[in-house]
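*Asks:* Take a look at the following structure, please.
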Amino acid sequence: MTQRVPASPTPPAPVPTATDALVAPSLKRRMACWLYEGMLLFGVVFIAGYLFSSLSQTRHALDNRPGLQAFLFLILGIYFTWFWHRGQTLAMKTWHIRVVSASGQPLSQRRALWRYVLSWVWFLPPLLLTLPFGLQPGQVGLLLMVWIIVWALLSRFQSQKQFWHDVWAGTRLINYR
């Protein structure tokens, strides 16, 4: 005859708190999403550039360059504002990342647009720095890559591990399944 030993009660699962739901994804995941977003944007920029050159009857790639840049800035602004207002771009869905307001609420279109404008800090500082020095394209690319790495690593010095442009915009990236 065997004696039954009473099973020890299993501890209850921890109840997630509101702050647990707002945890930032790892820097590695956010940068992988960032790179994937860049690959997807190639198609958006290609189609927008083709549309612009067709509508403006541009025959040479360097004609209407400021107009094309302004048009692409507008198209990318619409793209990001639309998807961030809904919570995720396709790349963010793939990497299970969502953008929300600092309080965890969905973004308004105004806040999404403000995040878009502030997100240009990924590119503008090194590009503006190249103007007075007349750097070669390879040097510009190297400066841009170094700045992107520095800007990404600066998120480690933020208390919630968010990118600084998200802090300034009142937004945050969170894990989302």
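The values are calculated or read from the model by the stated rules, or taken from the named source; none is laboratory data. Remember, predicted model here, so these are calculated numbers, not experimental data. Here the Cβ positions follow ideal geometry from the backbone for every residue, glycine too, while neighbour counts run over all protein chains shown.
*Asks:* Sort out which residues of the range 156-174 are among the small types (Gly, Ala, Ser) and assigned to a loop (DSSP other than H, G, I, E, B), and write them in order of number.
*Replies:* Hits for the range 156-174 are 159, 170.
Matching residues to (1) within 16 Å of the chain's Cα centre (by Cα); (2) free of Cβ contacts under 8 Å to residues at least 24 places away in the same chain:
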| residue | (1), (2) |
| --- | --- |
| 56 | no, yes |
| 64 | no, yes |
| 73 | yes, yes |
| 88 | yes, no |
| 112 | yes, no |
| 115 | yes, no |
| 119 | yes, no |
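*Asks:* Select, from 68, 55, 72, 107, the only residue that is modelled with pLDDT of 90 or more, under 23 Å from residue 167 (Cα atoms) and of a type outside the set (D, E, K, R).
*Replies:* From the options 68, 55, 72, 107, the qualifying one is 107.
*Asks:* Are there any pairs with C-beta distances below 8 angstrom linking a residue in the range 31-51 that is free of Cβ contacts under 8 Å to residues at least 60 places away in the same chain to a residue that is surrounded by 12 or more Cβ atoms within 10 Å (Cβ to Cβ) and of a type in the set (Ser, Thr, Tyr), with the two at least 6 apart or on different chains, and if so which?
*Replies:* Note: pairs meeting the criteria are 36/94; 37/89; 40/89; 41/79; 44/79.
*Asks:* Identify the single condition in (1) over 17 Å from residue 76 (Cβ atoms); (2) among the hydroxyl-bearing types (Ser, Thr, Tyr); (3) exposed (fewer than 12 other Cβ atoms within 10 Å of the Cβ) that residue 56 does not satisfy, given that it satisfies every other one.
*Replies:* Answer for residue 56: the failing condition is (3).
*Asks:* If you scan the range 141-170, which residues turn out to be closer than 22 Å to residue 72 by Cα, surrounded by 16 or more Cβ atoms within 10 Å (Cβ to Cβ) and over 16 Å from the mean Cα position of the chain (by Cα)?
*Replies:* 144
*Asks:* Here's a follow-up. If residue 62 passes every condition in (1) exposed (fewer than 15 other Cβ atoms within 10 Å of the Cβ); (2) under 27 Å from residue 25 (Cβ atoms); (3) of a type in the set (A, V, I, L, M, F, W, C); (4) at pLDDT below 95 but one, which one does it miss?
*Replies:* Unmet condition: (2).
*Asks:* Using the structure shown, decide if residue 177 is surrounded by fewer than 14 Cβ atoms within 10 Å (Cβ to Cβ), assigned to a helix (DSSP H, G or I) and touching a residue at least 60 places away in the same chain (Cβ under 8 Å).
*Replies:* Spelling it out, it is not the case that residue 177 is surrounded by fewer than 14 Cβ atoms within 10 Å (Cβ to Cβ), assigned to a helix (DSSP H, G or I) and touching a residue at least 60 places away in the same chain (Cβ under 8 Å).
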